[in-house]
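*Asks:* The structure's right below; bear with me while I get my questions together.
The values are calculated or read from the model by the stated rules, or taken from the named source; none is laboratory data. Note that the coordinates shown come from a computational prediction; the quantities given were computed from them, not determined experimentally. Here the Cβ is made from the backbone with ideal geometry for all residues, glycine too, and neighbour counts use every protein chain on show. These accessible areas exclude ligands, DNA and RNA; they are computed on the full protein's heavy atoms, side chains included. Shrake-Rupley method; radii C 1.70, N 1.55, O 1.52, S 1.80 Å.
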Amino acid sequence: MLLTRQRRRAVIAGAVTVATAALGIGLSTQFASAQTTLRGAADAIGKDIGVAVDANRLQSNAQYRDIVASEFNSLTAENAMKWDATEPSDGNYTFSQADSIVDFAEDNNQTVHGHTFVWHQQTPSWVQSLNATSMRTAMVDHINTVANRYEGRVDSWDVVNEVVSDNNGAMRDSFWLRTMGEGYITTAFQTARAADPNADLYINDYSIDGINAKSDTVYRIAQGLKSQNILDGVGFQAHLILGQVPSTMEANLQRFVDLGLKVRITELDIRINLPADSAELQQQANDYQRVVEICAELADCSGVTVWGLRDADSWVPGTFPGTGAPLLYADDYSKKPAYTAVLNALGGDGTGNPTTTPATSDPATTTSPPPTGSGCTATLSVSSPWNTGATYSATVKANQALSGWKVTWTWPGSERISNAWSVTGTLTGASVSGANAPYNGTLAAGQSTTFGFNITKADGSTASVPTVTCTPA
Ligand code: XIL
């Protein structure tokens with residue numbers, strides 16, 4: 001877990017967090033870091049910015065895939081790691097969808113927040129009808145199998161989900177509680193801790209974002225689990241209604257941090273009564289900004305995950321009829337006002353402009369000439385340069401049918417890749433040798449694919465655009 005995080009954040013994490021912590025001021029305006037992606041901005045302050053994803057969409061939709069890779073540094077499986085997806089019948093495990101999400105995260109240097117082992121929904125009926133002894137065995141087997149499979153690749157787990165009811169903070173009257181008694185929660189955490197001692201273990205719930213009877217109950221459960229050293233964090237789902245970010249949200253998260261726990265916004269969406277007008281979209285942006293600022297300013301908040309990429313992907317319209325438009329991207333993949341608000345809250349530069357003057361020839365407009373070659377050609381372009389780094393996008397074009405490609409180039413100066421997406425290989429040195437990711441190697445003649453990366457470089461120098469050699473692999 002630590003390795004993944006350090007690798008991803010090694011270069012730029014330090015300065016901004018130290019400065020803001022010392023001065024005790026917010027990140028949003030004072031330290032705009034000229035980062036122009038959510039991912040770049042979150043990396044710069046050492047936070048996860050996550051998105052809940054669907055394996056089929058990742059597989060089939062290039063635009064979806066590219067945005068997930070370039071804008072987010074953390075993934076959660078929206079459904080693929082739930083019990084009904086991973087163990088539909090007793091002892092028969094199906095991991096193909098969950099595997100593909102974890103593979104994608106690994107290829108793109110993203111953390112994974114696992115969701116979820118023990119829940120009263122999306123759990124097959126064969127589990128629900130077991131007696132206490134068999135249910136305990138099934139739970140232990142399930143957690144061991146899933147946690148072991150992803151040990152070292154999933155950074156944190158929602159071990160239990162939604163165990164408190166909406167009725168005045170009473171425990172949820174689920175088949176788990178009725179069959180096993182309240183001890184089912186401890187059993188789940190003990191099992192998960194033993195199965196993957198390095199993963200962070202979370203309790204996750206909705207309507208606990210502010211201080212209320214339900215979050216009070218989660219607080220008491222968390223105290224008990226923390227005292228046994230089997231809990232690391234609390235997940236606040238934050239399925240919010242427009243204009244209703246709880247006024248006590250910051251104080252609520254702080255009280256859990258004061259127990260020595262991490263906190264995380266795990267399933268953020270903010271729903272609007274449809275149709276949404278522009279004033280509502282602006283209110284939504286303000287609400288998103290507030291939630292993300294709370295996390296950005298709290299050192300022990302590990303990050304924020306939004307529950308889906310586009311409005312069209314969201315569970316909200318199906319679950320809360322008449323409402324929708326709850327996410328950062330519109331159906332056509334355009335960025336909504338909420339996107340810019342989140343970028344600002346992460347300390348990025350929502351204007352899209354670098355805060356320092358670029359060197360004499362503006363590299364933003366520079367694209368390398370397509371080199372001549374037979375099997376494939378590749379070009380780089382700098383999409384957003386700043387003083388000490390830049391984001392590049394690359395296009396690989398197949399001149400013949402390909403089942404894989406390789407790209408190589410040498411940096412002329414101090415440029416070095418800090419993170420990359422949709423490309424694999426040896427990327428971090430002066431000589432770069434990249435290869436296709438599992439999903440973008442097969443190209444028909446004439447077809448193109450893209451990948452991208454961020455670099456760091458010594459202050460002030462112009463981000464260069466080297467010539468790339470592309471060969472079929
Ligand atoms: C939802 C998914 O988004 C839907 O696709 C699925 O049909 C039902 O579950 N709280 C949770 C999530 O913890 O797992 C739920 O996800 C949303 C509410």
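*Asks:* Name every residue in region 234-273 that is in contact with a Gly (Cβ under 9 Å, 6 or more places away or on another chain), over 25 Å from Thr111 (Cα atoms) and either open to solvent by 30 Å² or more (accessible area, probe 1.4 Å) or not assigned by TED's automatic domain parsing to the domain that holds Gln223 (or both), in order of residue number.
*Replies:* Listed by number, the residues that qualify are Val245, Pro246, Ser247, Thr248, Ala251, Arg271, Asn273.
*Asks:* Taking the residues in region 45-60 that are within 13 Å of the ligand (Cβ to nearest atom) and of a type in the set (Gly, Ala, Ser) as candidates, determine which candidate is nearest to Gln110 (Cα to Cα).
*Replies:* Ala52
*Asks:* Any residue at all in region 365-377 that's modelled with pLDDT of 85 or more, of a type outside the set (D, E, K, R) and in a strand (DSSP E or B)?
*Replies:* yes
*Asks:* Let me ask something else. With respect to Ser215, is the statement that it is part of a loop (DSSP other than H, G, I, E, B), polar (S, T, N, Q) and either in contact with a strand residue (DSSP E or B) (Cβ under 8 Å, 6 or more places away or on another chain) or assigned by TED's automatic domain parsing to the domain that holds Val292 (or both) true?
*Replies:* No: the conditions fail for Ser215.
*Asks:* Working carefully through the options Asp90, Asp99, find the one that is away from the ligand (no atom under 15 Å from the Cβ), closer than 24 Å to Arg264 by Cβ and acidic (Asp, Glu).
*Replies:* Asp99
*Asks:* Next question. Consider Thr116 carefully, then state whether it is at pLDDT 95 or above, in a loop (DSSP other than H, G, I, E, B) and closer than 21 Å to Arg172 by Cα.
*Replies:* When the stated conditions are applied, Thr116 does not pass them.
*Asks:* If you don't mind, another one. Is at least one residue of region 351-362 touching a helix residue (DSSP H, G or I) at 6+ places or on another chain (Cβ under 9 Å), farther than 25 Å from Asn204 by Cβ and modelled with pLDDT of 95 or more?
*Replies:* No: region 351-362 contains no residue that is touching a helix residue (DSSP H, G or I) at 6+ places or on another chain (Cβ under 9 Å), farther than 25 Å from Asn204 by Cβ and modelled with pLDDT of 95 or more.
*Asks:* Okay, next question. Do we find a residue being more than 16 Å from the ligand (Cβ to nearest atom), assigned by TED's automatic domain parsing to the domain that holds Leu130 and among the small types (Gly, Ala, Ser) anywhere in region 155-166?
*Replies:* So far as region 155-166 goes, no, none of its residues is more than 16 Å from the ligand (Cβ to nearest atom), assigned by TED's automatic domain parsing to the domain that holds Leu130 and among the small types (Gly, Ala, Ser).
*Asks:* Those residues that are in a loop (DSSP other than H, G, I, E, B) and open to solvent by less than 20 Å² (accessible area, probe 1.4 Å), I need them from region 163-202; list them, please.
*Replies:* Val163, Ser165, Gly169, Ser174, Asp196, Ala199
*Asks:* Please list, ordered by first then second residue, the pairs with beta carbon atoms under 6 Å, 6 or more apart or interchain, first in region 117-129 and assigned by TED's automatic domain parsing to the domain that holds Asn92 and on the phi > 0 side of the Ramachandran plot, second modelled with pLDDT under 95 and within 16 Å of the ligand (Cβ to nearest atom).
*Replies:* Qualifying pairs under 6 Å: none.
*Asks:* Spot the failing condition for Gly152; the list is (1) open to solvent by 20 Å² or more (accessible area, probe 1.4 Å); (2) assigned to a helix (DSSP H, G or I); (3) among the small types (Gly, Ala, Ser), and only one is missed.
*Replies:* In the conditions (1) open to solvent by 20 Å² or more (accessible area, probe 1.4 Å); (2) assigned to a helix (DSSP H, G or I); (3) among the small types (Gly, Ala, Ser), Gly152 misses (2) alone.
*Asks:* From the set of residues in region 440-455 that are open to solvent by 50 Å² or more (accessible area, probe 1.4 Å) and among the hydroxyl-bearing types (Ser, Thr, Tyr), which is modelled with the highest pLDDT?
*Replies:* Here the answer is Thr442.
*Asks:* What's the number of the condition Ser433 fails, among (1) at pLDDT 90 or above; (2) open to solvent by less than 10 Å² (accessible area, probe 1.4 Å); (3) within 30 Å of the chain's Cα centre (by Cα)?
*Replies:* (2)
*Asks:* Which one of the conditions (1) closer than 27 Å to Ala338 by Cα; (2) open to solvent by less than 40 Å² (accessible area, probe 1.4 Å); (3) outside any loop (DSSP other than H, G, I, E, B); (4) small (Gly, Ala, Ser) does Ala276 fail to meet, given that it meets all the rest?
*Replies:* It fails just one condition, (3).
*Asks:* Give the residues of region 261-313 that are touching a residue at least 60 places away in the same chain (Cβ under 8 Å), within 21 Å of Trp157 (Cβ to Cβ) and more than 16 Å from the ligand (Cβ to nearest atom), sorted by residue number.
*Replies:* Within region 261-313, Lys262, Cys295, Cys301, Ser302, Gly303 meet the criteria.
*Asks:* Let me ask something else about it. Would you confirm whether or not region 98-114 contains a residue that is farther than 24 Å from Phe453 by Cβ, within 17 Å of the chain's Cα centre (by Cα) and without any contact (Cβ under 8 Å) to a residue 24 or more places away in the chain?
*Replies:* yes
*Asks:* Among the residues of region 107-139, write down those that are within 12 Å of the ligand (Cβ to nearest atom) and open to solvent by 10 Å² or more (accessible area, probe 1.4 Å).
*Replies:* Correct list: Trp119, His120, Gln121, Gln122, Thr123.
*Asks:* May I pose another question? Please find, within region 26-44, the residue that is farthest from the ligand (Cβ to nearest atom) out of those that are hydroxyl-bearing (Ser, Thr, Tyr) and modelled with pLDDT of 95 or more.
*Replies:* Thr36
*Asks:* May I ask you to list the residues in region 227-242 that are closer than 18 Å to Gly303 by Cβ, more than 16 Å from the chain's Cα centre (by Cα), of a type in the set (A, V, I, L, M) and within 16 Å of the ligand (Cβ to nearest atom)? So that I can check it myself, show each step before the final result.
*Replies:* Applying the first criterion (closer than 18 Å to Gly303 by Cβ) to region 227-242 yields 231-240.
Now narrow it down to the ones that are more than 16 Å from the chain's Cα centre (by Cα): 231-234, 239-240.
Filter again for of a type in the set (A, V, I, L, M), leaving 231, 234, 240.
Within region 227-242, Val234, Leu240 qualify.
*Asks:* For region 314-347, which residues satisfy the criterion of being open to solvent by 10 Å² or more (accessible area, probe 1.4 Å), within 16 Å of the ligand (Cβ to nearest atom) and either in a helix (DSSP H, G or I) or of a type in the set (A, V, I, L, M, F, W, C) (or both)? First the steps, then the outcome.
*Replies:* The first filter runs over region 314-347 and keeps only residues open to solvent by 10 Å² or more (accessible area, probe 1.4 Å), leaving 314-315, 317-323, 325, 330-337, 340, 344.
Checking which are within 16 Å of the ligand (Cβ to nearest atom) leaves us with 314-315, 317-321, 323, 325.
Once the filter is applied, which keeps residues that are open to solvent by 10 Å² or more (accessible area, probe 1.4 Å), within 16 Å of the ligand (Cβ to nearest atom) and either in a helix (DSSP H, G or I) or of a type in the set (A, V, I, L, M, F, W, C) (or both), region 314-347 yields Trp315, Pro317, Gly318, Thr319, Phe320, Ala325.
*Asks:* If you don't mind, there's one more thing I want to ask. Could you check, for region 154-161, whether at least one of its residues is of a type in the set (Ser, Thr, Tyr) and closer than 30 Å to Gly434 by Cα?
*Replies:* There is at least one residue in region 154-161 that is of a type in the set (Ser, Thr, Tyr) and closer than 30 Å to Gly434 by Cα.
*Asks:* Restricting the search to region 439-457, which residues are over 18 Å from Thr467 (Cα atoms) and within 20 Å of the chain's Cα centre (by Cα)?
*Replies:* Selection gives Tyr439 alone.
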